[in-house]
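What follows is a set of notes on a single structure, which appears directly below.
Since every read-out is calculated from the coordinates, none of them should be taken as a lab result. Computed from a predicted model, the values in this text were never measured in an experiment. No Cβ is skipped: glycine too gets one built from the backbone with ideal geometry, and neighbour counts run over all protein chains shown.
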Amino acid sequence: MTDGNHENVPGRNRRRFPDISSRAYEHPADRSALVALRKLTGFDTVFKAMSGLLPERSLRLLFLSDSVRVSEAQFAHLHTMLLDACSILDLKKVPPMYVAQDPKPNAMCIGLDEPIIVVTTGLVELLDEEEMRAVVGHEVGHALSGHSVYRTILLFLTNLALKVAWIPLGNIAIMGIVTALREWFRKSELSADRAGLLVGQDLQASMRGLMKIAGGNHLHEMNVDAFLAQAEEYEAGGDLRDSVLKILNVLPRTHPFTTVRAAELKKWAESRDYQRIMDGHYPKRDEDGDTSVTDSFRESASHYADTVRTSKDPLMKLVGDIAGGAGDLGGKLRDRFTGGGNGTTGTTKG
């Protein structure tokens, strides 16, 4: 078998997507968050500096020296999955993949010049074959989308922020970019989940993998429908104070909450967009140069408008009300927090 020709074939028939563009599966929020990130004051300067300073070669040497490189001779089943994923998404150059000793289940795609995929032993031990296939497809999706560059800078800046936390102004500047990078990366995970589904082509396996990441290897104690119900309760529950707490809870995270990822992926799997890809109708890479930035903005704006309109979250409902001219922001915030807004226009005296 040779990496370049992808001679390894999947264990069961799966559709391939020759010349597929990453635009086919990228979440609109991923693209819009990346555009916003690139517009952030100082990001270009930091990006160029990091690209020149980050020790790319030492990163590769670190994994070579302290992890196990996946190949025909080591973790052969993962090697087959990697070739399989690259074949399905038509990624010509197979990225190197490593298994790192870490009991915490995790996977990442990093690297500036070329992407490197790293999975932990905790993840390998937790997931079955089809669940792992979706994860490998997820990371190959990151590679195809070019996410590894920004992920690497995020890791570097996160570590740097910890080291210079005693410098007030320096820390504020770095943390501003780190916060924006995290916001983008959370959105990029939704894109990569879609890529994982295109590779695995087994929604139940993708759901099981996300449940295991959330609750461990206790599938007999878990239920997909109940797990998805948690996401609905999370999105709709509480009042405005809970909405603010949700934002504060998610800010330090690089990944969206697992239940939310599961709900987003299921919604996409049931969409016409996913079916069109499976039917062979999808954007091609040779068309990427003709893609209008305006069209991308329009698609992102449409996605956010739909999100605001259909969301059950109290804060998002409030945003929708304000956008629709239903009242002033200050008054509505006051009413929501104080229990007012019952339609009365005056006060009554006892």
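With 10 angstrom as the radius, rank Met207, Met222 by how many other C-beta atoms surround their C-beta, starting from the fewest.
Least crowded to most crowded, the residues run Met222, Met207.
Subtract the Cα-Cα distance of Asp90 and Ala73 from 0.36 nm times their separation in residues, and report this length gain in nm to one decimal.
Stretched out fully, the Asp90 to Ala73 stretch lengthens by 3.7 nm.
Per residue of region 188-204, in order, report the coupling 6.51 cos²θ - 1.76 cosθ + 1.60 (Karplus, θ = phi - 60°) as ³J(HN,Hα) in whole Hz, putting x for Gly and Pro.
5, 5, 5, 5, 5, 4, 5, 4, x, 5, 5, 6, x, 6, 8, 4, 4
Once the Cβ-Cβ distance between Asn13 and Val35 is put in as r, and R0 is 25 Å, what FRET efficiency do you end up with, to the nearest 0.05?
0.10
Looking at Ala214, Leu190, Leu228, which one has the Cα that reaches farthest to the positive end of the dipole of region 187-233 (charges on Cβ: Lys, Arg +1; Asp, Glu -1)?
Leu190
Run through region 67-112 and list the trypsin sites (Lys or Arg not before Pro) located in a DSSP loop whose Cβ has at most 14 other Cβ atoms within 10 Å.
Lys92, Lys93
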